[in-house]
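Trainee: Quick one: the structure is below, questions incoming.
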Amino acid sequence: MKSLLIVCSYHHHNTEKIAQVFVKVLNAQVKKPHEINPKELSEYDLIGFGSGIYGGKLHKSLLSLADSIPHVTKGNAFIFSTAALIGDTKTTKDHSLMREKLESKGYVIIDEFSCKGFNTNSFLKFFGGMNKGRPNAEDFKRAEEFAYNMVKKIQK
Ligand SMILES: Cc1cc2nc3c(=O)[nH]c(=O)nc-3n(C[C@H](O)[C@H](O)[C@H](O)COP(=O)(O)O)c2cc1C
């Protein structure tokens, strides 16, 4: 299975750390949004789109990439993020714009992953930030299990 991860992780490289766990399980290549030639995406069996959550959304470079990619017939994709706050409802909402864009291009979202990430945005930097040490070992373990389960779902 040929897999690609498209990642934008600029704040503390939190999402990049999660992507590295996926790399090991999926043997995936990792690229930044600006390194992608939209036409090359059809070469992959699975594409993961991941970033931190900024202003309630994935990074704008990923969102505009989703606008520019060609339509596919039933491409496999997944969405992943790290954020200051997570929770089923919040994560579903944070991922919603990306999910809608990918689905409109014919991608099936196999699954979605989120965990907490160290955050020193705005005034938080004066107080040592929040979620220090996240993602942590437990997050990496959950990411690993998530990736193995996703492979199982695709191969069913
Ligand atoms: C400009 C900015 C805006 C952010 N907005 C949100 C937000 O709306 N919701 C949230 O839960 N976290 C928010 N965060 C926290 C980040 O999502 C979190 O730190 C994430 O792990 C950063 O990922 P990265 O290190 O991969 O860039 C924001 C951080 C920054 C720098």
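Trainee: Can you tell me which residue is nearest to His12 (Cα to Cα) among those in segment 32-52 that are open to solvent by less than 30 Å² (accessible area, probe 1.4 Å) and within 14 Å of the ligand (Cβ to nearest atom)?
Mentor: Step one: list which residues in segment 32-52 are open to solvent by less than 30 Å² (accessible area, probe 1.4 Å), which gives 33, 36, 40-41, 44, 46-52.
Those left that are additionally within 14 Å of the ligand (Cβ to nearest atom): 33, 48-52.
Details: Pro33: 17, Gly48: 19, Phe49: 18, Gly50: 14, Ser51: 11, Gly52: 9 Å.
Selected residue: Gly52.
Trainee: Quick check on segment 11-30. Is at least one of its residues free of Cβ contacts under 8 Å to residues at least 40 places away in the same chain and part of a strand (DSSP E or B)?
Mentor: The answer is yes, given that some residue of segment 11-30 is free of Cβ contacts under 8 Å to residues at least 40 places away in the same chain and part of a strand (DSSP E or B).
Trainee: Just give me the residues in segment 94-117 being more than 16 Å from the ligand (Cβ to nearest atom) and free of Cβ contacts under 8 Å to residues at least 12 places away in the same chain, in sequence order. Reasoning before the result, please.
Mentor: Narrowing segment 94-117 to residues more than 16 Å from the ligand (Cβ to nearest atom): 99-111.
Hits for segment 94-117 are Glu100, Glu103, Ser104.
Trainee: Of these, Ile86, Ile79, which one is β-branched (Val, Ile, Thr), part of a loop (DSSP other than H, G, I, E, B) and within 16 Å of the ligand (Cβ to nearest atom)? Give the derivation first.
Mentor: Values: Ile79 fails: part of a loop (DSSP other than H, G, I, E, B).
Residue meeting the stated conditions: Ile86.
Trainee: Conditions first: (1) farther than 26 Å from Gly75 by Cα; (2) open to solvent by 80 Å² or more (accessible area, probe 1.4 Å); (3) more than 9 Å from the ligand (Cβ to nearest atom); (4) polar (S, T, N, Q). Asn136 passes all but one, so which condition is the exception?
Mentor: (2)
Trainee: Could you please find all residues in segment 31-55 being without any contact (Cβ under 8 Å) to a residue 24 or more places away in the chain and part of a helix (DSSP H, G or I)?
Mentor: Glu35, Glu40, listed by residue number.
Trainee: Hey, another quick one. If I filter segment 59-68 for residues that are within 14 Å of the ligand (Cβ to nearest atom), assigned to a loop (DSSP other than H, G, I, E, B) and at pLDDT 95 or above, do I get at least one hit?
Mentor: Scanning segment 59-68 turns up at least one residue that is within 14 Å of the ligand (Cβ to nearest atom), assigned to a loop (DSSP other than H, G, I, E, B) and at pLDDT 95 or above.
The values are calculated or read from the model by the stated rules, or taken from the named source; none is laboratory data. This one's a predicted model, so the numbers in the text were calculated from it and none came from an experiment. Don't worry about glycine lacking a Cβ; one is built from the backbone with ideal geometry, like all the others, and counts go over all protein chains shown. All accessible areas refer to the heavy atoms of the entire protein, side chains included, with ligands and DNA or RNA removed. Shrake-Rupley method; radii C 1.70, N 1.55, O 1.52, S 1.80 Å.
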